[in-house]
Amino acid sequence: MRIKTARINYKPNSDEVVVDITVKNRPLHILSPDWEIVNAFRDGKITWPEYEKRYYLLVGERYFYRPAEFEDIVKLAKQQTVVLTCFCTDEKHCHRQLAKHFLQTIDAINTIFYLKS
């Protein structure tokens, strides 16, 4: 599975597919945070570990109700490089890395489930 992250202005190679996961451009995207989480972190009301927790709870709930959308990205990442983009300048404190990890976890769980079948 090939997933990487970049800022929103990234120019993809011909074998890459860009997926915009910004809350500003795509607030209902399965991997976008919500404004509540973004503003709480930006305003210093929550720490980064709390942001991570809230983000994973949010996308976990979305995965429960919309698993096919996540699976589509995982499948695409097995065929091409998927580049998750947003506006954040500090990648250490950006949901792009969390989204990438979440997708990798879905892939790992699916692989284990498949092997046990």
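Here the stretch 79-95 is the region considered, the condition is being under 10 Å from ILE8 (Cβ atoms) and among the hydrophobic types (A, V, I, L, M, F, W, C), and the residue that is surrounded by the fewest Cβ atoms within 10 Å (Cβ to Cβ) is PHE87. Selection of the stretch 84-94 for residues being polar (S, T, N, Q) and either outside any strand (DSSP E or B) or without any contact (Cβ under 8 Å) to a residue 24 or more places away in the chain (or both) yields only THR89.
Working only within the stretch 13-23, note down all residues that are in a loop (DSSP other than H, G, I, E, B) and either surrounded by 14 or more Cβ atoms within 10 Å (Cβ to Cβ) or at pLDDT 95 or above (or both). Passing the criteria: ILE21, THR22, VAL23. Within the stretch 24-44, residues that are at pLDDT below 95 sit with their Cβ atoms under 9 Å from residues that are polar (S, T, N, Q), at 6+ positions apart or across chains, in these pairs: LYS24/SER32; ASN25/SER32; ARG26/SER32; HIS29/THR22. Only residues that are under 11 Å from the mean Cα position of the chain (by Cα) and more than 25 Å from ARG54 (Cα to Cα) were counted across the stretch 75-117, and they come to 0.
Taking the condition assigned to a loop (DSSP other than H, G, I, E, B) and aliphatic (A, V, I, L, M), does ILE46 pass? Yes, satisfied.
On the basis of being part of a helix (DSSP H, G or I), in contact with an Asp or Glu (Cβ under 8 Å, 6 or more places away or on another chain), on the phi < 0 side of the Ramachandran plot and touching a residue at least 40 places away in the same chain (Cβ under 8 Å), does GLN97 make the cut? Yes, satisfied. How many residues are small (Gly, Ala, Ser) and either within 15 Å of LEU103 (Cβ to Cβ) or buried (at least 18 other Cβ atoms within 10 Å of the Cβ) (or both) when one looks only at the stretch 29-76? Qualifying residue count, the stretch 29-76: 3. Evaluating ARG26 against the criteria (1) outside any loop (DSSP other than H, G, I, E, B); (2) surrounded by fewer than 16 Cβ atoms within 10 Å (Cβ to Cβ); (3) within 13 Å of the chain's Cα centre (by Cα) leaves one unmet condition, (1).
The values are calculated or read from the model by the stated rules, or taken from the named source; none is laboratory data. These numbers come from a predicted model, not from an experiment. Here Cβ is always computed from backbone atoms with ideal geometry, including for glycine, and neighbour counts include all displayed protein chains.
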